[in-house]
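Worksheet: one structure, shown below.
The values are calculated or read from the model by the stated rules, or taken from the named source; none is laboratory data. Not measured: the values here are computed from a predicted model. Heads up, the Cβs are rebuilt from the backbone with ideal geometry, glycines too, and the neighbour counts pull from every protein chain shown. Surface areas here come from the heavy atoms of the whole protein model, side chains and all, with no ligands, DNA or RNA. Shrake-Rupley method; radii C 1.70, N 1.55, O 1.52, S 1.80 Å.
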Amino acid sequence: MAKRSVLGLYIEEDSAADALDHLRDAGFQDHEYEILTGTPYPEGTFGEAEPQHHLYRWPIFGALTGFTISLFYTSITQAAYPILTGGKPVLAIPAMMVILYELTMLGAVIFTIIGIIFESRLPRFFMGAYSEKITEGYIGVTVTTEEDRTDKAEEALKKAGIDGEIIRGWE
Amino acid sequence: MATRIFDEKYPGQPFVQTDNSLESRKEMSGKFLGIYNDKVSQRFWQIAGILGVLFGIGLLGYFWKIFMTKDPGDFGYYAALFSFLMTTSAGAPMVAIGPRVANAHWRRSISRVAEIWTLIGTMNLIVFLPLLWVMPSLDNGRRSLWFYWEAKGDWWFPFLIKFSGHIWTTVSILTLIVLGLAILWVSVMPDLALVRDHAPDGWRKKWATRLARGWKGSSWQWNWQRHRMGALGALYFMMLILTHFFISTEFLMVHVPGWIDSLYPITHAHNALQGGVATVVLTMFIVSRIGPYRHYITLDQFHGLGKLLLALSLLWFWFWFCSFMIFWYGKKPSEQAILKLFVHGPYLPVFIAEFLFVFFIPWWTMVWNPVRRSVWGPAIIAGSVLIGTLLDRVRMYVSSWDVLGISGDKLAANGGQFSSEYPREMMLNMTILNDPAFDRITIIKDFEGLAVPVSAVLPTMIDGVIILGFISGAVFLYMMATRLIPVINIWEQKELLLYNAEVQYHRAKVKVMGKPR
């Protein structure tokens, strides 16, 4: 079934937090509603679930990939062309350090950027229910759910005392 | 404690009332949008016009330099310009990244001022590209970080080996630029959403809509933005250090035989931090005192960065002296030659001026509270540091590339081939033996000392045009960028409303600043 989103605007933080309480009481799950603000409030201000992410995995994986490639690349080239320099071993780690560092870094950087794009789900074509008042300073609570549950969501949002009318949109 | 007990909902919880009402939030958005939407003054366009013309002339000089100059030694001033731009504009975003990581509130109104400088990275790349052609490949036997051998195989493999220094430095600069642009984009997204929602119709609204990419301010998006900025900022810092490491070794130190100084690459990177802070101080002075942001960029910001500028200026001396001391006490012929080349030889007047501008004047002025705790003091000293930094880049790069030119002459005279004589300056007058196993020059002995150029290289008119043109170009591009990007970070300013409160503390009013976790 197509999903629809509804949005209620609030002036006070506590009203928005109350709206989340009402939504939970009405049986809505954490992933069905979200808070919209023009300012980054501290996480949990409205009693919302803390967003989960796995960004930290990307640079670690990228760094490991870069390190492995650089280790392979530097070892194989040194082994392929065994130039003796200053009586040092052919496979000399100090000589490999710069490339090891840079490719490790490069791997971390590239994978982080890919991770950011991937996990951000850019580009976003549909914004769902939205009001320009959010960037002005209002606090929005938006619920994205099946079409037949939107009435229930609207009721819960209104119970907390919305400012103005409910705004509806497609997701 | 100057707190009161919150209402019956959270009994017993100490609570400080901040002024984060809807009216305050609206007022702040409105104020910044008002400034953003205001038509800029005639003077802005006049200055931009002059800088744009200078930039255009600089571009003509740039093409002249590329197509009409044959001797690599003539690229000294050009390389100095490139390094100066990398030192100042690429270092400036650190002023946003560092204090943001440290949760310093004073940075809020100047973080965007610093971040916009990342855009100039693209211009730095244009300046950098010709150096790739001028810089000799590794097969001419120059010193390098990278190993070289006469590789066999498809075209790409010998190419990769011959141009290792070129390739890795380019990759490093490109990565730095991409990271810088990503930081700016991530940071500016919420403000572009504000422009999208409330600015009058026009090209700015259109571009803001495109670039805001559906930003609506969900908790998830804010959380993501924080993580992105943290990760990108940390990576930018690491890449900045690495890029300066490559530039200072592959495009500077390798030209001067006997210049063996493991501290210099980090000195180069430190200069970028100092130059970056000076760039931001000067920019915020112009933005606030000539521009319309006087009420937002205040003494707090100048004082915060003034202290940092003083510390970095003192650190300049530390780095310089550590390197100097090694050469001074070492007293090997090559080390004496290095000192003569960079300090007490033909570039002595430049060194003295640089020493005064970049260290002595900042030190003896910024130690005084009235200067450091002022708006004018740090701004004037930032100007002094930038002049000193430019002189430093001229002294180091022009003299080093001059040595490359002399070496190049000898190389050309020898038909582009190595010989036992080649090039005396470049290989530190060492007797070179051929390694019988690999037919490569690997054993070096018998130091004789370096022949130092007897006179300083003076800039040609083309050099002057390029330097003036591209520095003007950097400022011109910055000014143009401010037409689309709000100069003050609006969302960070609004965030401050959450954490900032003035409360009664016994008989005094004090400011209480919260920290997000």
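Does the stretch B:199-211 contain any residue that is modelled with pLDDT under 90, buried (at least 21 other Cβ atoms within 10 Å of the Cβ) and either in contact with a Lys or Arg (Cβ under 9 Å, 6 or more places away or on another chain) or within 30 Å of A:Ile134 (Cα to Cα) (or both)? Within the stretch B:199-211, none of the residues are modelled with pLDDT under 90, buried (at least 21 other Cβ atoms within 10 Å of the Cβ) and either in contact with a Lys or Arg (Cβ under 9 Å, 6 or more places away or on another chain) or within 30 Å of A:Ile134 (Cα to Cα) (or both).
In this structure, is B:Met94 aliphatic (A, V, I, L, M), modelled with pLDDT of 90 or more and within 24 Å of B:Glu492 (Cα to Cα)? Even if it seems obvious, please write down each step before you answer.
On the way: aliphatic (A, V, I, L, M): yes; modelled with pLDDT of 90 or more: yes; within 24 Å of B:Glu492 (Cα to Cα): yes.
Criteria met by B:Met94.
Given the structure, is A:Glu102 touching a strand residue (DSSP E or B) at 6+ places or on another chain (Cβ under 7 Å) and assigned to a helix (DSSP H, G or I)? No, not satisfied.
Taking the condition under 20 Å from B:Arg108 (Cα atoms) and within 11 Å of chain A (Cβ to nearest Cβ), does B:Arg226 pass? Please lay out each step first, then the result.
Working: under 20 Å from B:Arg108 (Cα atoms): yes; within 11 Å of chain A (Cβ to nearest Cβ): yes.
Yes; evaluated as a whole, the condition is true for this residue.
Checking each residue in the stretch B:231-273 for being outside any helix (DSSP H, G or I) and within 14 Å of chain A (Cβ to nearest Cβ) picks out only B:Ser262.
Filtered by the rule that a residue be in a helix (DSSP H, G or I) and either of a type in the set (Lys, Arg) or open to solvent by 20 Å² or more (accessible area, probe 1.4 Å) (or both), the stretch B:99-116 gives B:Arg100, B:Val101, B:His105, B:Trp106, B:Arg107, B:Arg112. Exactly one of (1) of a type in the set (A, V, I, L, M, F, W, C); (2) at pLDDT 90 or above; (3) within 24 Å of A:Ala49 (Cβ to Cβ) is unmet by B:Trp224. Its number? Status for B:Trp224: all satisfied but (2).
The set of residues in the stretch B:324-356 being farther than 26 Å from B:Leu458 by Cα and either among the polar types (S, T, N, Q) or surrounded by fewer than 20 Cβ atoms within 10 Å (Cβ to Cβ) (or both) consists of B:Met325, B:Ile326, B:Trp328, B:Tyr329, B:Gly330, B:Lys331, B:Lys332, B:Pro333.
Right, B:Leu174: in a loop (DSSP other than H, G, I, E, B), open to solvent by 60 Å² or more (accessible area, probe 1.4 Å) and closer than 25 Å to B:Met86 by Cα or not? Taking the combined requirement at face value, the residue does not satisfy it.
Would you point out which residue out of B:Trp224, B:Trp259 is crowded, with 22+ Cβ neighbours inside 10 Å and hydrophobic (A, V, I, L, M, F, W, C)? Before the answer, list the steps.
On the way: B:Trp224 fails: crowded, with 22+ Cβ neighbours inside 10 Å.
The match here is B:Trp259.
Would you check if A:Ile110 is among the β-branched types (Val, Ile, Thr), away from chain B (no Cβ under 11 Å) and open to solvent by 40 Å² or more (accessible area, probe 1.4 Å)? Taking the combined requirement at face value, the residue does not satisfy it. With respect to (1) within 9 Å of another protein chain (Cβ to nearest Cβ); (2) within 26 Å of A:Ile114 (Cα to Cα); (3) part of a helix (DSSP H, G or I), the lone exception for A:Glu50 is condition (3).
B:Gly141 fulfils the conditions (1) modelled with pLDDT of 85 or more; (2) on the phi > 0 side of the Ramachandran plot except for a single criterion, (1).
Scanning the stretch B:243-256 for residues that are within 30 Å of B:Ser187 (Cβ to Cβ) and open to solvent by 10 Å² or more (accessible area, probe 1.4 Å) yields a total of 1. Answer yes if at least one residue in the stretch A:160-170 is of a type in the set (Val, Ile, Thr), out of contact with any Lys or Arg (no Cβ under 8 Å at 6 or more places or on another chain) and more than 8 Å from every other protein chain (Cβ to nearest Cβ), and no otherwise. Yes; the residues of the stretch A:160-170 include at least one that is of a type in the set (Val, Ile, Thr), out of contact with any Lys or Arg (no Cβ under 8 Å at 6 or more places or on another chain) and more than 8 Å from every other protein chain (Cβ to nearest Cβ).
Checking each residue of the stretch A:64-74 against the condition of being more than 28 Å from B:Ile183 (Cα to Cα) and crowded, with 17+ Cβ neighbours inside 10 Å gives at least one match. Of the listed requirements (1) within 9 Å of chain B (Cβ to nearest Cβ); (2) open to solvent by 50 Å² or more (accessible area, probe 1.4 Å), A:Pro40 misses just one: (2).
For the stretch A:28-38, does any single residue satisfy the condition of being assigned by TED's automatic domain parsing to the domain that holds A:Arg149 and more than 30 Å from B:Tyr499 (Cα to Cα)?
Going residue by residue through the stretch A:28-38, those that are assigned by TED's automatic domain parsing to the domain that holds A:Arg149 are A:28-38.
Narrowing further to those that are more than 30 Å from B:Tyr499 (Cα to Cα): A:28-29.
Yes, the stretch A:28-38 contains at least one residue that is assigned by TED's automatic domain parsing to the domain that holds A:Arg149 and more than 30 Å from B:Tyr499 (Cα to Cα).
Screening B:Leu145 with (1) closer than 26 Å to B:Gly91 by Cβ; (2) in a helix (DSSP H, G or I); (3) facing chain A (nearest Cβ under 10 Å) gives one miss only, at (2).
Considering (1) surrounded by fewer than 22 Cβ atoms within 10 Å (Cβ to Cβ); (2) part of a helix (DSSP H, G or I), the lone condition that B:Ala182 does not fulfil carries the number (1).
Within the stretch A:53-103, if we keep just the residues that are within 12 Å of another protein chain (Cβ to nearest Cβ) and of a type in the set (Phe, Trp, Tyr), the residue that is nearest to B:Trp168 (Cα to Cα) turns out to be A:Tyr101. The criterion of being modelled with pLDDT of 55 or more and of a type in the set (S, T, N, Q) holds for B:Ser407.
Annotation: of all residues in the stretch B:39-68 being free of Cβ contacts under 8 Å to residues at least 40 places away in the same chain and assigned to a loop (DSSP other than H, G, I, E, B), the one that is least open to solvent (accessible area, probe 1.4 Å) is B:Ser41.
For B:Trp207, the test of being within 9 Å of chain A (Cβ to nearest Cβ) and of a type in the set (Phe, Trp, Tyr) is failed. Evaluated against (1) over 19 Å from A:Glu136 (Cα atoms); (2) within 9 Å of another protein chain (Cβ to nearest Cβ); (3) polar (S, T, N, Q), B:Ser218 falls short on exactly one condition, (1). Filtering the stretch A:50-63 to residues that are under 16 Å from the mean Cα position of the chain (by Cα) and open to solvent by 50 Å² or more (accessible area, probe 1.4 Å) leaves A:Glu50, A:Gln52, A:His54, A:Tyr56, A:Arg57, A:Trp58. If the condition is being surrounded by fewer than 24 Cβ atoms within 10 Å (Cβ to Cβ) and of a type in the set (Gly, Ala, Ser), then the stretch B:262-306 contributes B:Ser262, B:Ala269, B:Gly291, B:Gly304.
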